[in-house]
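Trainee: Structure in structure tokens, see below.
None of the figures in this text is laboratory data; all of them are computed from the coordinates on show. No experiment lies behind these values; they were computed from the predicted model shown. All Cβ positions, glycine included, derive from the backbone under ideal geometry; neighbour counts span all protein chains shown.
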Amino acid sequence: MSLYDTPDHKMFRETCRKFVEEEMVPRAREFDAANRIDKKLFRKMGDLGMLGLRYDPAYGGAGLDWSYTAVMYQELGRSDNAGATLGISVHTDMATPSLAEFGSDDLKRRFLVPAIAGETVGAIAVTEPDAGSDVAGIKTRAVRDGDDWVINGSKIYITNAANADWLCLLAVTDPDAGYNGFSQIIVPTDSPGLHYDLLDKIGMWGSDTGQFFLEDVRVPVANTIGEPGTGFQQQMMQFQDERLVACVSTIASSQHLWEETKKWTDQRMLFGKPLSKMQNTQFKMADLWMQMTIAKDLTDTCVRMRIEGEDATDKITMAKIYCCRVASAVADQCVQLHGGFGFMKESMAGRAYCDTRVGPIGGGSEETMLYYLAKRLGF
């Protein structure tokens, strides 16, 4: 039985699809030009109940299972704006999961409630100039001074940099404690001593990505998510939400691109007949569909495992690698099938070609994912 075919799922899908068709598709190029999503969209999503699907209703969440998150990102993935979808996913499934699961009641009421309502936007601040997928190598330091943390360091490649009202920031709070020396801390972006610069990317144009600099930034110790020293473990758990959402939206986007490319090949004439009637085109499209189907089935397995409370870490890791590979293959072949038009920025295929390249890098590089799997296999 499908995970997504109940009447409630269908009703929610209609809500998400209408939002995408009315608020995202018509404005995709606008977001590209601005290099960010319109912040007002978060409020509209909050009004529609789209921003806290799995979170406690006591804080404004919907209390639903992972299948509804999957439905939402299946629809967002078809928006032809991977950058905007990324910005939304950072808010819903990268910046807020630890806060929702481990944050104090006070912290949730101050930051999670307005985030679910779309009144504020969150970002996750982990990567640094000298530490990316190797999270344990971060150097940003938070030193306790009375009831405050004093934070110094820098974070880079931070999505939602311009839109964010607060950061879920990972910092070293005890340099002698190894993996038990990290903490996740909520840092408001209007804090004195915090500033950012935007970065210019080769893809994902509809999202705002920047570098943050922290110079003696003071925030209350009460802004710590969970107990000090548990941040590394919390961050590893939070990454699972990020990677699974990426798998769902990536494959949905690839399927949409495949469908649009099929329409193109039906219309494009070559040597007196449609491009779709040529065996080379048929073989390419069939092979891509096969790869996407396998990727979606693996992703659905991960969603089912999360719903049933099983440890899906290994399968999510494999799905992250495979879905990104498939998305890159789909984008590359669809550009080729579009010919010269595929090389234009206005082309869906061209945009996807640029956007998918970040997949094997962001959220844990492919090499890091394979390293983890190799260790699990006894290497």
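Trainee: Go ahead and run the numbers for FRET between MET11 and PHE341, Cβ-Cβ distance against an R0 of 30 Å, rounding to 0.05.
Mentor: Values: r = 37 Å, r/R0 = 1.25.
So, using R0 = 30 Å, E works out to roughly 0.20.
Trainee: Take the chain, connect every pair of alpha-carbon atoms lying under 10 Å apart with a spring to form a Gaussian network, then pick out the residue of GLY122, GLY181, GLY340 with the largest mean-square fluctuation.
Mentor: GLY340
Trainee: Select from CYS324, THR281, VAL71 the residue farthest towards the positive end of the dipole of the chain; place +1 on Cβ of Lys and Arg, -1 on Cβ of Asp and Glu, and compute about the Cα centre.
Mentor: THR281
Trainee: Run the quick spin-label model on ASN152 and LEU48: label points 7 Å from Cα toward the beta carbon, then report their separation in nm to one decimal.
Mentor: Spacing of the two 7 Å Cα→Cβ label points: 4.6 nm.
Trainee: Can you give me the distance in nm between label points at ASN280 and MET236, each placed 7 Å from the Cα along the Cα-to-Cβ direction?
Mentor: Result: 4.9 nm between the two label points.
Trainee: Out of GLY146, CYS168, SER133, whose Cα points farthest toward the positive end of the dipole of segment 122-228 (charges: +1 Lys, Arg; -1 Asp, Glu; placed on Cβ)?
Mentor: Farthest towards the positive pole: SER133.
Trainee: What residues have an amide H closer than 5 Å to that of THR127, excluding those fewer than 5 places away on the same chain, when H is modeled at 1.01 Å from N in the peptide plane?
Mentor: Close amide H contacts, sequence-distant or interchain: ILE156.
Trainee: Could you list PHE232, PHE42 in order of exposure, starting from the residue whose Cβ has the fewest other Cβ atoms within 10 Å? Intermediate values should be presented prior to the final figure.
Mentor: Numbers: PHE232 20, PHE42 26.
In increasing order of surrounding Cβ atoms, one gets PHE232, PHE42.
Trainee: Between 0 and 90 degrees, rounded to the nearest ten: what's the tilt of helix 82-93 against the longest Cα principal axis of the chain?
Mentor: So the helix axis and the longest Cα principal axis differ by about 40 degrees.
Trainee: Continuing with the same structure: Which of the pairs LYS320/LYS375; LYS262/LYS284; LYS39/LYS296; LYS263/LYS284 have their Cα atoms more than 19 Å apart in this structure?
Mentor: Beyond 19 Å between Cα atoms: LYS39/LYS296.
Trainee: Filter the trypsin sites (Lys or Arg not before Pro) in segment 329-359 down to the DSSP loop ones having no more than 16 other Cβ atoms within 10 Å, then list what survives.
Mentor: LYS345
Trainee: Cut-off is 10 Å between beta-carbons; in what order do THR127, THR96, THR15, THR120 appear when sorted fewest neighbours first?
Mentor: Taking fewest neighbouring Cβ atoms as first place, the list is THR15, THR127, THR120, THR96.
Trainee: Is it possible to state the helix-based mean residue ellipticity at 222 nm for the chain, with each DSSP H run of 4+ residues giving -39500 (n - 2.57), the sum divided by total residues, to the nearest 500 deg cm²/dmol? What is it?
Mentor: Working: 12 runs with 173 residues, N = 379.
The helix-only estimate for the chain comes to -15000 deg cm²/dmol at 222 nm.
Trainee: Pick from ASP355, ASP93, ASP56: which residue has the top mean-square fluctuation in a GNM of the chain where Cα pairs under 10 Å get a spring?
Mentor: Maximum fluctuation in the GNM of the chain, among the listed residues, is at ASP56.
Trainee: Please compute the contact order of the chain in relative form: average sequence separation of alpha-carbon pairs under 8 Å and at least six residues apart, divided by the residue count, as a percent.
Mentor: Computed value for the chain: 16 percent relative contact order.
Trainee: Please state the relative contact order of segment 233-376 as a whole percent: Cα pairs under 8 Å, 6+ residues apart?
Mentor: Taking the mean separation of contacting Cα pairs over the length of segment 233-376, I get 28 percent.
Trainee: Then there's this: Provide the percentage of antiparallel DSSP beta bridges, counting only those with both residues in the chain; round to the nearest 5.
Mentor: In the chain, approximately 85 percent of DSSP beta bridges are antiparallel ones.
Trainee: Identify which of ASN280, ASN223, ASN160 has the largest mean-square fluctuation in a Gaussian network model of the chain, with springs joining Cα atoms closer than 10 Å.
Mentor: ASN280
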